[in-house]
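Data first, discussion second: the structure below is written as C-alpha cells.
The values are calculated or read from the model by the stated rules, or taken from the named source; none is laboratory data. Since this is a predicted model, take the numbers as computed values, not measurements. Cβ placement follows ideal geometry from the backbone for every residue including glycine, while neighbour counts extend to all protein chains displayed. These accessible areas exclude ligands, DNA and RNA; they are computed on the full protein's heavy atoms, side chains included. Shrake-Rupley method; radii C 1.70, N 1.55, O 1.52, S 1.80 Å.
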Amino acid sequence: MASVIEVTDLRKTYRLGALNVPVLNGVSMSVERGEMVCIMGPSGSGKSTLMNIIGCLDAPTSGSYRLEGEEVSRWGDARLAAARNSKIGFVFQTYNLLARLSALANVELALQYGDRRNARARSLQALESVGLGHRYKHRPLELSGGEQQRVAIARALVKNPAIMLADEPTGALDSRSSAEIMAILQRLNRDEGLTVALVTHEADIARHTRRIVSLRDGLVVSDEPVAEPLQAQAAEGVSA
Ligand code: ADP
Ligand code: MG
C-alpha cells in the first residue's frame, strides 16, 4: 500500500518583492500508515512551511507530494480544499477555534463540507474521546489552553482523517497541559491506529513520538527512530 505521505525533492521559495527566499531546499521523506513521527528543527528551519504543504494549505514551488498515493503538488485550490476536508486533520499552536461558538459547534463546523450524517453525535463523540464531553457547551474563552487544544484535536478527529498533522501543538501550553495533549495523541496513535505527524522544536516533546526527522535550513539532516519513546501522563478522567 502507498505511504500516507511521500514528499520527494520538495522545494519552496517565497518571493518577497524582488527577493527570492528559499525555505525548503529539496526535502524528501515519507510517513507510513500508523506512524507517529515528529519533525524537529530550530525556528526558521522550514517546519511550518513543510507542514502547511503536507496539510494542503500551501503548494510547493517544485517537487512531488503524494498523499495516499495521489500526486497533490499540481492540484488547484478546489482539490486541495477537498483533501483538507476529507483526509487531513490539522492542529495549530494557537488552536484556531471560533470564539463565539461552543466547543461542540467548533467541532461540528469541521463537517460543514463533508459527510454531515449524525454530525452532532459524531462531534460529541469526538469531544468525549478527548475527555471534554461534559464541556461541550463551553466557548473557547471559558476553557483552559489545554482544553482548547483538545477541542481542536476533536475538530481534527471528527473528519476521520487519514493523517493528523499538528504544528507545535504544545507550543503555547504549560508542561502539564502539554503532557495531556501528548498523551491524547499517543493514545489515538496506539489504540486507534491514527497516523500522526507533529512539529516541535522541543526535544522532550519529540521523544514522545517514535521517529524524529530533523530539519535544518530547509533540508532533512537526520531521520531516526526513537529508541524508547516517553509515555505522557494523561489528564484525570481521560483514558491514555
Ligand atoms: P519554522 O516553522 O521552522 O519556524 P517556517 O516554515 O515558518 O519555519 O519559516 C521558514 C522561513 O520562511 C523563515 O525564514 C520565514 O521567515 C520564511 N517564511 C515563512 N513564510 C513566509 C512567507 N509567507 N513569505 C516569506 N517568507 C516566509
Ligand atoms: Mg513554525
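Taking the conditions exactly as written (within 9 Å of ligand 1 (Cβ to nearest atom) and modelled with pLDDT of 95 or more), does Val31 satisfy them or not?
no
Pairs please, first residue from region 97-112 and touching a residue at least 12 places away in the same chain (Cβ under 8 Å), second anywhere and open to solvent by less than 20 Å² (accessible area, probe 1.4 Å) and outside any helix (DSSP H, G or I), Cβ atoms under 9 Å, 6+ apart in sequence or on different chains.
Close Cβ pairs (under 9 Å, with a partner that is open to solvent by less than 20 Å² (accessible area, probe 1.4 Å) and outside any helix (DSSP H, G or I)) amount to Leu97/Leu143; Ala103/Leu132; Ala103/Leu143; Val107/Val158; Glu108/Val158; Ala110/Gly89; Ala110/Val158; Leu111/Val158.
Among residues belonging to region 11-32 that are in contact with a Pro (Cβ under 9 Å, 6 or more places away or on another chain) and either away from ligand 2 (no atom under 16 Å from the Cβ) or not in a strand (DSSP E or B) (or both), point out the one that is least open to solvent (accessible area, probe 1.4 Å).
Filtering first and then ranking leaves Thr13.
Does any residue of region 211-225 turn out to be closer than 26 Å to Arg84 by Cβ, among the small types (Gly, Ala, Ser), over 15 Å from the mean Cα position of the chain (by Cα) and surrounded by 22 or more Cβ atoms within 10 Å (Cβ to Cβ)?
yes
Looking at region 46-63 only, could you name the residues that are part of a helix (DSSP H, G or I), open to solvent by less than 40 Å² (accessible area, probe 1.4 Å), within 8 Å of ligand 1 (Cβ to nearest atom) and out of contact with any Ser or Thr (no Cβ under 9 Å at 6 or more places or on another chain)?
Thr49, Leu50, Met51
I need a count of the residues in region 180-207 that are touching a Ser or Thr at 6+ places or on another chain (Cβ under 9 Å), in contact (Cβ under 8 Å) with a residue 60 or more places away in the chain and assigned to a loop (DSSP other than H, G, I, E, B).
The qualifying residues number 1.
How do the helices (runs of 4 or more DSSP H) wholly within region 64-179 filter down when requiring 2 or more residues that are surrounded by fewer than 18 Cβ atoms within 10 Å (Cβ to Cβ) and modelled with pLDDT under 95: which remain?
77-86
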